[in-house]
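Single-structure report; data block below.
The values are calculated or read from the model by the stated rules, or taken from the named source; none is laboratory data. Since the model is a prediction, treat every value here as computed from it, not as a measurement. So basically every Cβ, Gly included, is an ideal-geometry build from the backbone, and we count neighbours across all protein chains shown. Keep in mind that these areas ignore ligands, DNA and RNA; they rest on the heavy atoms of the full protein, side chains included. Shrake-Rupley method; radii C 1.70, N 1.55, O 1.52, S 1.80 Å.
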Amino acid sequence: DCIRELLDPAERRYRYPFLNCTNCGHRFTLTRRIPYDRPQTSMAKFPMCLECQAEYDDPRSRRFHAQPNACWQCGPQLELWDSNSQQLAKSDPIARTIDLLHAGHIVAIKGLGGFHLACDALNAVSVALLRERKHRVEKPFAIMVPDVETARQFCEVSAIEGEALQSIERAIVLLRRKETCVIPESVAPRNCELGVFLPYTPVHALLFREGGFKALVMTSGNASEEPIAIGNDEARERLRNLADYFLVHNRDILLRCDDSVVRITAGRHQYLRRSRGFVPVPIQLHREIPSILAVGAELKNTICVAEGHQAFLSQHIGDIENITGYNFLLEAIHHLEEILEINPKAIAYDLHPDYFSTRWALQQTGYTLIGVQHHHAHIASCMAENHLDGLVIGFALDGTGYGTDGHIWGGEVLIADYATFTRAAHLEYIPMPGGAAAIREPWRMAVSYLLHSFGQDFRNTPLPVFEQIDAAKIGLAARMLERKINSPLTSSCGRLFDAVASIAGIRQKVNYEGQAAIELETAANGIEDSTAYPFDLTPDGDSFILGTRSLFRALVGDIRAAVPAAILSARFHNGLAEVLTRTAQVLRQRTGLNQVCLSGGTFHNARLLQRLTSLLQTDGFAVFTQNQVPAGDGGLSLGQALVAAHRHVS
């Protein structure tokens, strides 16, 4: 109905960029507090004209009590500015913006939860310029297309993916590129998927209807590692070196809220980022819990406020590695508590002592403070959304999490309920030469695993990593490992993926988190090879160690035999799924448990998730995955809240 009005010259809201009704439009980012009435929103400064007021007061109107109700006469207006804060195009900023985008310029566009940086996705020069300015070397950009039919020109779109694109949440949906796709490779380098979403504001609709664009890059309006910009002055200050022009409006955004990202895996929604459109829709809990605030982790942060039978996760806050991210965390805590009118009695936090979220929690007084181990929180998160009770076998696989022994965990098999956990198995500890540098440079983990598997002879075999990395660097890393200098131990599954990607010659340096693992998964696209690399499963007291020597010896043997990287990747994924299944079998024999929970960022890997799920189910296990919150750290706060609730005594 609103689209029809927007495009009908006979309607009084024809081409009005802020039209909405009670059936559409946003609420979360314009609400200061409840009750949700216009004076409590950023629309308070726009008194309604007589016609809008009549609609607002009429129960027969679809704009009855639509708090953002407005029109040309009484509502917010668009303005177009250049990077020097000079106003342009007072009469028709949309038309001028269309001309600028066609001319190859980058425009910062103010939306519902912040600014997008937009350019013509089919203009490779503009895309390259945006990458250069944003210092986003290879991380994929999302594209907005006018409709599902256009999406199908670029990508494979199943029926359920088409429904996801058109859902009211308008999330970014990850879709597989067609071989005939004309979107430049630079939009999503070395990636077989594109993040695609449809217009969700009148401004978007007008840009596509009147501009004739097939696709626009629409990426978050921020510099790398910073929160999205929301204010006009803030955007002009923070984005002035990124955008040529600014399409702004005079309705305040009260809270940052990035776009959500989903993928359809095995017919189910998998959230990679749960934010705009889904927040603050609660996660329903099967048991009542006291009021808890959980503050998440350091990367892909969300917070959770839970009480009674409901848990409310915040929008995507992102990485809290600088003061702007930290301030966003505090904004989100205050806003969520304010609109929910919940006063937590306890605060849950990650055990890592250096996380900003942990430091903030430990400074609070008047609360019960409850530290929650990272991977226990992952399993509790999966249990919570699946309404499970009692003990489960939990696979928590990710890149980094602070372990109870002070080491870096990430390849964990737990026997857990909400209150407690036992570490039943884990990937063997391997040193990280250079510490955090090994996360940015996968070749370092390759050296570590090769030295562990072959000893000093590891350099005697010609491997892609030795051709791509200077021998002096390889030697320095090896000496660090031998002398145990700046080489913390890790059981991280993410670092294992990095090492395999490096040895296979796929990626030696990453430009964004998880890049090596993503490209390793991408390499196996379309490969049906069923061979599995072997892992070693050995007892270690009351637990088990998942050893990797056999894996790397088989991998290196295949490289010697000139087996393609695609096959190497498929065999690695198969081998990891098989050893995890064997581990579950051993633990079932020991404990009698048959319920398995899969959580952690590694399970955003669709190939591993589907393979492992299939093997476990074939063997009679009840398998539970995450389909309401992200399996990665974006869903961690839900698990923290549940663990804290079961430990908290009110």
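Has segment 120-134 got any residue that is under 28 Å from residue 251 (Cα atoms) and in contact with an Asp or Glu (Cβ under 9 Å, 6 or more places away or on another chain)? For segment 120-134, residues under 28 Å from residue 251 (Cα atoms) and in contact with an Asp or Glu (Cβ under 9 Å, 6 or more places away or on another chain): absent.
Name the single residue that is surrounded by the fewest Cβ atoms within 10 Å (Cβ to Cβ) among those in segment 42-69 being more than 34 Å from the chain's Cα centre (by Cα) and of a type in the set (A, V, I, L, M). Looking at residues that are more than 34 Å from the chain's Cα centre (by Cα) and of a type in the set (A, V, I, L, M), I get 50.
When residue 26 is tested against the conditions (1) at pLDDT 95 or above; (2) touching a Leu at 6+ places or on another chain (Cβ under 9 Å), the lone failure is (1). Taking the criterion of being crowded, with 20+ Cβ neighbours inside 10 Å and of a type in the set (Lys, Arg), the only residue of segment 161-202 that qualifies is 170.
Within segment 513-534, the set of residues being assigned to a loop (DSSP other than H, G, I, E, B) and in contact (Cβ under 8 Å) with a residue 60 or more places away in the chain comprises 513, 514, 524, 525.
Taking the criterion of being in contact with a Ser or Thr (Cβ under 7 Å, 6 or more places away or on another chain), closer than 20 Å to residue 634 by Cα and open to solvent by less than 30 Å² (accessible area, probe 1.4 Å), the residues of segment 336-358 that qualify are 336, 350.
From the list 158, 220, pick out the single residue that is open to solvent by 10 Å² or more (accessible area, probe 1.4 Å), in contact with a strand residue (DSSP E or B) (Cβ under 9 Å, 6 or more places away or on another chain) and within 19 Å of residue 270 (Cβ to Cβ).
Selected residue: 158, the only one of 158, 220 that is open to solvent by 10 Å² or more (accessible area, probe 1.4 Å), in contact with a strand residue (DSSP E or B) (Cβ under 9 Å, 6 or more places away or on another chain) and within 19 Å of residue 270 (Cβ to Cβ).
Tell me whether segment 203-212 contains one or more residues that are touching a Pro at 6+ places or on another chain (Cβ under 6 Å), small (Gly, Ala, Ser), surrounded by 17 or more Cβ atoms within 10 Å (Cβ to Cβ) and outside any helix (DSSP H, G or I). No, segment 203-212 has no match at all.
Take residue 257 and decide whether it is in contact with a Ser or Thr (Cβ under 6 Å, 6 or more places away or on another chain) and under 28 Å from residue 647 (Cβ atoms). Judged against the criteria, residue 257 is not a match. Among the residues of segment 506-519, none qualifies, meaning not one is closer than 15 Å to residue 441 by Cα, open to solvent by less than 20 Å² (accessible area, probe 1.4 Å) and of a type in the set (Ser, Thr, Tyr). Just to be sure before I move on: is residue 320 surrounded by 21 or more Cβ atoms within 10 Å (Cβ to Cβ), within 18 Å of the chain's Cα centre (by Cα) and modelled with pLDDT under 95 in the structure I sent? Spelling it out, residue 320 is indeed surrounded by 21 or more Cβ atoms within 10 Å (Cβ to Cβ), within 18 Å of the chain's Cα centre (by Cα) and modelled with pLDDT under 95.
Which pairs turn up if I take residues in segment 455-480 that are within 15 Å of residue 503 (Cβ to Cβ) and look for partners that are open to solvent by less than 100 Å² (accessible area, probe 1.4 Å) and hydroxyl-bearing (Ser, Thr, Tyr) with beta carbon separation below 7 Å, at least 6 apart in sequence or on another chain? Listed pairs, sorted by first residue: 465/502.
Restricting attention to segment 304-339, the residues that are of a type in the set (Val, Ile, Thr) and under 20 Å from residue 291 (Cβ atoms) total 3.
Are any of the residues in segment 473-487 modelled with pLDDT of 95 or more, open to solvent by 10 Å² or more (accessible area, probe 1.4 Å) and under 23 Å from the mean Cα position of the chain (by Cα)? No, because not a single residue in segment 473-487 is modelled with pLDDT of 95 or more, open to solvent by 10 Å² or more (accessible area, probe 1.4 Å) and under 23 Å from the mean Cα position of the chain (by Cα). Taking segment 98-131 as the search range and keeping residues that are over 20 Å from residue 222 (Cα atoms) and small (Gly, Ala, Ser), which one is most open to solvent (accessible area, probe 1.4 Å)? If we take residues in segment 98-131 being over 20 Å from residue 222 (Cα atoms) and small (Gly, Ala, Ser), then 103 is most open to solvent (accessible area, probe 1.4 Å). All conditions but one from (1) open to solvent by less than 10 Å² (accessible area, probe 1.4 Å); (2) assigned to a helix (DSSP H, G or I) apply to residue 95; the one that does not is (1).
With the requirement that a residue be out of contact with any strand residue (DSSP E or B) (no Cβ under 7 Å at 6 or more places or on another chain) and either surrounded by fewer than 20 Cβ atoms within 10 Å (Cβ to Cβ) or aliphatic (A, V, I, L, M) (or both), what does segment 72-82 give you? Selection gives 72, 73, 74.
Taking segment 260-286 as the range and being touching a Ser or Thr at 6+ places or on another chain (Cβ under 8 Å) and open to solvent by 30 Å² or more (accessible area, probe 1.4 Å) as the test, the residues that pass are 266, 268, 273, 277, 280.
When residue 86 is tested against (1) open to solvent by 70 Å² or more (accessible area, probe 1.4 Å); (2) in contact (Cβ under 8 Å) with a residue 12 or more places away in the chain; (3) at negative phi, exactly one condition is not met: (2).
The residue that is farthest from the chain's Cα centre (by Cα), counting only those in segment 626-649 that are part of a loop (DSSP other than H, G, I, E, B) and surrounded by 24 or more Cβ atoms within 10 Å (Cβ to Cβ), is 626. When 391, 414, 427, 397 are checked against the criterion of being touching a Ser or Thr at 6+ places or on another chain (Cβ under 9 Å), modelled with pLDDT of 95 or more, open to solvent by 10 Å² or more (accessible area, probe 1.4 Å) and of a type outside the set (Ser, Thr, Tyr), 391 stands alone in meeting it. Restricting attention to segment 224-244, the residues that are among the small types (Gly, Ala, Ser) and surrounded by fewer than 18 Cβ atoms within 10 Å (Cβ to Cβ) total 2.
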